[in-house]
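Comments concern the structure below.
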Amino acid sequence: MKRIVPAPWLSVGIFGGWLLLNQSLSVAQLLLAFVVALAMPLLFSALRPSPGPMRRWGVLLRLIALVGVDVVASALQVAFGVLRARRRPPQSAFVTVPLELRDPHALAALAVITAVVPGTVWSELAADHSVLLVHVFDVPDEAAFVAHFKQTYERPLKEIFE
C-alpha cells in the first residue's frame, strides 16, 4: 500500500485542495483530483524529508494552541504599536537568541512559528544552528524577549523532537 500511496494524508490534502480550488464536484474533477493526489506524492517523494521523531503529542497540542494565542496577541500588539507610533515609536531590534535545538525538524518548526507570529519580521539561523537572529517590531527588553522565546517555543520543541 505504501508504494501506491506513500503519504496518505498528503494525498487527502491534495485531493481536497484540488476540489476546493476548482470549486466543482463533477466526475471529471473528482477523477482528476484522484489522479493528481496519487501521482504528486509519488513524483516528489525524493523531495519529502523523512518523518521526524515525534514524541509528547500533548506538548505538541499545547504548543499549537499557544502559538494560536500568540498570533492573535502579537497581531493586536503590532496594531496598537502602529497606532501609537507617533507618540511612542516602536523599538525594533535584531535580537540574538541562543539555541539548544539541534533536530532539523524542530528547527524547521521553530522557523515556521517565527514566521507566523506577527512582530517577528525576519529571522536567520546561523550556519552551525547555535543562534537565531530575529528582527522584532517592538522589543523594549531584549532579555525578556529571549527568555519568553526560549520558554514558549524552544522548550516545547525540545520536548517534542529531542
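Laboratory data are not the source of any read-out in this text; all were calculated from the coordinates shown. Note that the structure is a prediction, hence the values are computed from the model and not measured. Positions of Cβ are generated from backbone atoms using ideal geometry, with glycine treated the same way; all protein chains shown enter the neighbour counts.
Full extension from LEU30 to LEU133: what is 0.36 nm times the residue separation minus their Cα-Cα distance, to one decimal in nm?
Stretched out fully, the LEU30 to LEU133 stretch lengthens by 32.5 nm.
Given labels modelled 7 Å from the Cα in the Cβ direction, how far is it in nm from HIS148 to ALA85?
In this crude spin-label approximation the distance works out to 2.0 nm.
For the chain, with only Lys/Arg (+1) and Asp/Glu (-1) charged at the beta-carbon, what is the dipole magnitude about the Cα centre, in debye rounded to 20?
380 debye
To test your reading of the geometry: what angle, between 0 and 90 degrees and rounded to tens, separates the Cα axis of helix 104-116 from the longest principal axis of the chain?
Rounded to the nearest ten degrees, it is 70.
To the nearest 10 degrees, how steeply does helix 57-83 sit against the main Cα axis of the chain, on a 0 to 90 scale?
Helix 57-83 sits at roughly 50 degrees to that axis.
Extension gain ILE64-SER50, at 0.36 nm per residue separation less the Cα-Cα distance, in nm? Mind dumping the intermediate values first?
Details: separation 14, 0.36 × 14 = 5.04 nm, distance 2.16 nm.
Separation in residues times 0.36 nm, less the Cα-Cα distance, equals 2.9 nm.
Run the quick spin-label model on TRP57 and GLN23: label points 7 Å from Cα toward the beta carbon, then report their separation in nm to one decimal.
The modelled label-to-label distance comes out at 3.7 nm.
Please report, in Å, the Rg and the Dmax of the chain, where both are computed over Cα atoms only.
Taking only Cα atoms of the chain, I get Rg and Dmax of 20.2, 63 Å.
What does the net charge come to around LEU63 if you take all other residues with beta carbon closer than 15 Å to its beta carbon, with K and R at +1 and D and E at -1?
Around LEU63, the surrounding residues sum to +1.
Of the options ALA33, LEU107, VAL72, report the single residue whose Cα projects farthest towards the positive end of the charge dipole of the chain (beta-carbon charges: Lys, Arg +1; Asp, Glu -1).
ALA33
If each Cα of the stretch 1-96 is one equal point scatterer, what is log10 of I(q)/I(0) from the Debye formula at q = 0.13 Å⁻¹?
Each listed q maps to, in turn, -0.78.
Could you work out the mean projected area of the convex hull around the alpha carbons of the stretch 104-162, in square nanometres to one decimal?
Averaging across all directions leaves 3.9 nm² for the Cα convex hull.
P(r) tail for the stretch 41-94, what percent of Cα pairs lie past 15 Å?
Roughly 71 percent, rounded to a whole number.
Using the Cα centre of the stretch 102-162 as the reference point, and only Cβ charges (+1 on K/R, -1 on D/E), how large is the resulting charge dipole? Debye, rounded to the nearest 20. Present the calculation step by step, with values, prior to reporting the outcome.
Values: 4 positive and 9 negative charges, 27 e Å.
The calculation lands at about 120 debye.
With axes computed from alpha carbons, what is the tilt in degrees of helix 8-22 against the longest principal axis of the chain, rounded to the nearest 10 within 0 to 90?
Its long axis makes an angle of about 90 degrees.
Whose amide H sits under 5 Å from the amide H of VAL131, counting only residues 5 or more places off or on another chain, with H placed in the peptide plane?
Amide H neighbours of VAL131: LEU99, ALA126.
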